[in-house]
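Student: One structure is given below, represented as structure tokens, and several questions about it will come after.
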Amino acid sequence: MKLITLDRRHSGYGVWKYYIERPYIKPLEQSKVIFYLWRNWCWEQWGCSKELEEYTIVDLFDGIHCSNPKWCWTNDRSHGARIYFKDDEAAAAFTLRWL
């Protein structure tokens, strides 16, 4: 597992700076549990967010729509399960806890 810096090839580039992918370990259910633990931890640290595809800049700072300026996630077949971080501070907090 390693923290990836986004570039123009990645979805979310320009809004998010880093992402981490769910590890692929066997059994797959254990890998999913790790991802859910990560996501729950982010939720507890920074508050609610939503999936990358549902995220918009317009409601970035609007608490009503649950967009969070620190993090979001995606869990789909094309990108896999990822957690995205906005800045160095959020990425550092996550890596200190989980990596």
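Student: Using each residue's phi in region 43-51, evaluate 6.51 cos²θ - 1.76 cosθ + 1.60 at θ = phi - 60° and report the 3J(HN,Hα) Karplus result to the nearest Hz, with x for Gly and Pro.
Tutor: So the J values, rounded to whole Hz, are 4, 5, 6, 10, x, 5, 8, 8, 5.
Student: Choose one of Phe94, Thr74, Met1: the residue whose Cα lies farthest towards the positive end of the charge dipole of the chain (beta-carbon charges +1 Lys, Arg; -1 Asp, Glu; about the Cα centre).
Tutor: So the residue furthest toward the plus end is Met1.
Student: Using only Cα atoms, tell me the angle between helix 88-98 and the longest principal axis of the chain; keep it within 0 to 90° and round to the nearest 10.
Tutor: 30
Student: So, one more: Across region 4-98, what fraction of all alpha-carbon pairs, as a whole percent, falls in each successive 5 Å bin from zero upward?
Tutor: 2, 13, 25, 26, 20, 10, 2, 1
FYI, it's all coordinate maths here, none of it is from the lab. Keep in mind that this is a model prediction, so the values were computed, not measured. Reconstructed Cβ throughout: ideal geometry from the backbone, glycine too, with neighbour counts over all protein chains shown.
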